[in-house]
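Structure first, commentary second.
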């Protein structure tokens with residue numbers, strides 16, 4: 001019997017001839033081909049109650065249900081089989097063929113919002129304090145609220161734990177994760193854990209200060225020091241050169257020691273985050289896959305390793321022209337990889353395109369060509385089991401809630417189809433399984 005013939009009743013991960021695949025509930029091989037944010041009420045216009053896409057679709061279709069049936073049928077024609085993040089779950093059965101679901105639980109970041117609401121005077125957290133005993137309570141409660149009702153639903157592939165957490169320097173700021181935890185109030189469990197971890201890691205305060213350059217004369221003095229100024233900064237991963245990093249660390253061994261501390265602590269945080277998140281999900285839903293946390297940037301290797309230990313799939317968002325190097329960076333986890341977001345914008349769309357991730361191309365023809373080249377290259381990696389385009393409809397010219405105003409859509413904000421792009425999507429989607437079957441086998 002073929003590996004693809006064994007039905008488990010739910011989506012599963014398999015590795016066949018060195019290549020990762022998903023299998024659907026009936027045991028057939030499956031690549032998750034999805035689109036994000038397929039929803040009637042996509043993108044409330046900034047500083048307004050208006051939802052231009054919903055207004056246009058109400059005029060065009062007459063009702064939300066009629067729009068849903070048309071949208072689901074259109075996705076099927078384009079060869080998509082999955083509703084990506086933030087899509088309407090009701091669309092899974094609205095069209096001629098069922099669509100799989102991949103909801104985002106927001107387990108970790110929902111705790112930071114809850115925490116900030118309770119302690120308004122404290123510094124806003126940019127990463128959940130996973131060492132707070134209430135974190136475990138929170139993720140278990142939220143997983144129960146969001147997952148338990150779906151535990152027997154065959155259309156669910158699995159759960160994204162969060163979206164684009166801050167694992168280190170990125171477009172949101174230069175802080176390392178260790179820096180963020182040391183910046184919490186001294187009563188916070190995360191700050192106490194970070195200081196205790198540094199104390200165990202360094203032989204004495206003198207040697208610690210050689211690396212960190214703090215004025216603290218004892219560990220107690222360090223614990224009382226606010227803020228603890230970090231001695232070095234480095235560029236985000238997508239602007240960082242491994243060769244330049246090696247040169248800088250050889251020239252300054254204290255710098256090397258500092259960033260070794262940062263990367264190791266990120267692994268400690270990741271181990272607790274992924275372990276508790278998986279346990280919370282599986283306690284109420286043992287049937288579906290844990291799809292990772294949609295990494296925005298390649299994190300330290302220790303974080304990747306922790307994700308590999310606790311997630312069934314590593315998910316990442318990648319807006320590069322080619323995702324190959326990013327996909328390869330996650331291969332050591334030994335898990336399949338799902339691209340949670342990618343996209344290309346066209347300058348000929350009539351939208352401002354002044355706020356939004358990824359390359360801005362000249363024309364819709366280039367958008368279509370880049371979709372083909374990006375997905376083709378990704379499918380030739382043996383770990384890739386899916387790719388989700390961001391997103392279904394264009395954003396408002398006046399900007400959505402965060403100001404993004406770009407041509408990410410498969411349709412305009414008036415629900416007019418970008419024919420060249422979607423025809424290319426349909427063509428490539430039909431070839432995807434054959435392309436992936438020809439990938440070079442993964443090692444191990």
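Every read-out reported here was derived from the displayed coordinates using simple, explicitly stated rules and does not represent laboratory data. Being a predicted model, the structure only gives us computed values, none of them experimental. All Cβ positions, even for glycine, are placed from backbone atoms using ideal geometry, and neighbour counts span all protein chains on display.
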Worksheet item: Along the principal axes of its C-alpha atoms, what lengths does the chain span, in descending order and rounded to whole Å?
Response: 70, 57, 44
Discussion item. I want to check the label-to-label distance for residue 239 and residue 46. Put each point 7 Å from Cα in the C-beta direction and report it in nm to one decimal.
Written reply: 2.1 nm
Item to complete: State whether segment 26-70 is rounded, prolate or oblate according to the following rule on the C-alpha gyration tensor (a ≥ b ≥ c being the square roots of its eigenvalues): a/c under 1.5 gives rounded; otherwise a/b larger than b/c gives prolate, and the remaining case gives oblate.
Response: oblate
Fill in: Debye-sum result for segment 234-291 in log10 I(q)/I(0), which assumes one identical scatterer on each alpha carbon, at q = 0.19, 0.27 Å⁻¹
-0.76, -1.07
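Is the shape of segment 16-169 best called rounded, prolate or oblate, per the rule: a/c under 1.5 gives rounded, else a/b larger than b/c gives prolate, else oblate, with a ≥ b ≥ c the square roots of the Cα gyration tensor eigenvalues?
On the way: a/c = 2.27, a/b = 1.29, b/c = 1.76.
Verdict is oblate for segment 16-169.
Test of understanding: ordering 253, 146 by Cβ neighbours within 10 Å, fewest first, what list do you get? Let's see the in-between values first.
Numbers: 253 11, 146 19.
By the 10 Å Cβ count, ascending, the order reads 253, 146.
Quick one: compute the contact order of the chain, relative version, from alpha carbon pairs under 8 angstrom and 6+ residues apart, as a percent. Please report the intermediate quantities before stating the final value.
Details: 877 pairs, mean separation 85.1, N = 444.
Worked out over the chain, it gives 19 percent.
So what is Rg over Rh here for segment 315-403, counting just Cα atoms and using Kirkwood for Rh?
Values: Rg = 14.1 Å, Rh = 14.0 Å.
Here Rg/Rh amounts to 1.01.
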Response to the item:
Of all DSSP beta bridges having both residues in the chain, the percent classed as antiparallel (nearest 5) is 30 percent
Worksheet entry | Ranked 337, 57, criterion: other C-beta atoms within 10 Å, fewest first | 57, 337
Item to complete: Taking the chain as the reference, fit the longest principal axis to its C-alpha atoms, fit the long axis of helix 52-61 to the helix C-alpha atoms, and give the angle between the two in degrees, 0 to 90, nearest 10.
Response: 20 degrees
Practice prompt. Compute the separation of the alpha-carbon centres of segment 258-310 and segment 349-399 and state it in Å as a whole number.
Written response: 27 Å
Practice prompt. Compare 357, 251, 188 in a GNM of the chain, Cα atoms joined below 10 Å, and give the one with the largest fluctuation.
Written response: 251
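With each run of n ≥ 4 DSSP H residues scored as -39500 (n - 2.57), what mean residue ellipticity at 222 nm is computed for the chain after dividing by its residue count and rounding to the nearest 500 deg cm²/dmol?
-12500 deg cm²/dmol
What is the extension gain from residue 8 to residue 363, computed as 0.36 nm multiplied by their sequence separation minus the C-alpha to C-alpha distance, in nm to one decimal? Walk me through the numbers before you get to the answer.
Numbers: separation 355, 0.36 × 355 = 127.80 nm, distance 4.45 nm.
Stretched fully, the residue 8-residue 363 segment lengthens by 123.3 nm.
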Fill in: Distance (nanometres) between label positions extended 7 Å along Cα→Cβ at residue 322 and residue 282
3.8 nm
Response to the item:
Expressed in nanometres to one decimal, the distance between label points 7 Å along Cα→Cβ at residue 434 and residue 66 is 3.9 nm
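With a/c under 1.5 counting as rounded, go ahead and sort segment 8-106 into rounded, prolate or oblate using the C-alpha gyration tensor (a ≥ b ≥ c being the square roots of the eigenvalues; past the cut-off, prolate if a/b is larger than b/c, else oblate).
Numbers: a/c = 3.07, a/b = 2.03, b/c = 1.51.
It comes out prolate by the Cα gyration axes.
Arrange the following residues from fewest to most other Cβ atoms within 10 Å of their Cβ: 417, 38.
Numbers: 417 14, 38 26.
Neighbour counts put them in this order, fewest first: 417, 38.
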Discussion item. Looking at the chain as a GNM with Cα springs under 10 Å, which of 133, 96, 25 has the largest mean-square fluctuation?
Written reply: 133
Worksheet entry | On Cα atoms only, tilt of 419-437 relative to the major axis of the chain in degrees | 70 degrees
Worksheet item: Taking Cα atoms, how many degrees apart are the long axis of helix 364-379 and the longest axis of the chain, rounded to 10 and kept between 0 and 90?
Response: 60 degrees
Worksheet item: How large is log10 I(q)/I(0) at q = 0.14, 0.15, 0.23 Å⁻¹ when the Debye formula is applied to the Cα atoms of segment 131-244, each weighted equally and without solvent?
Response: -0.78, -0.85, -1.28
Item to complete: Please report how far the C-alpha centroid of segment 44-85 lies from that of segment 319-336, rounded to the nearest whole angstrom.
Response: 31 Å
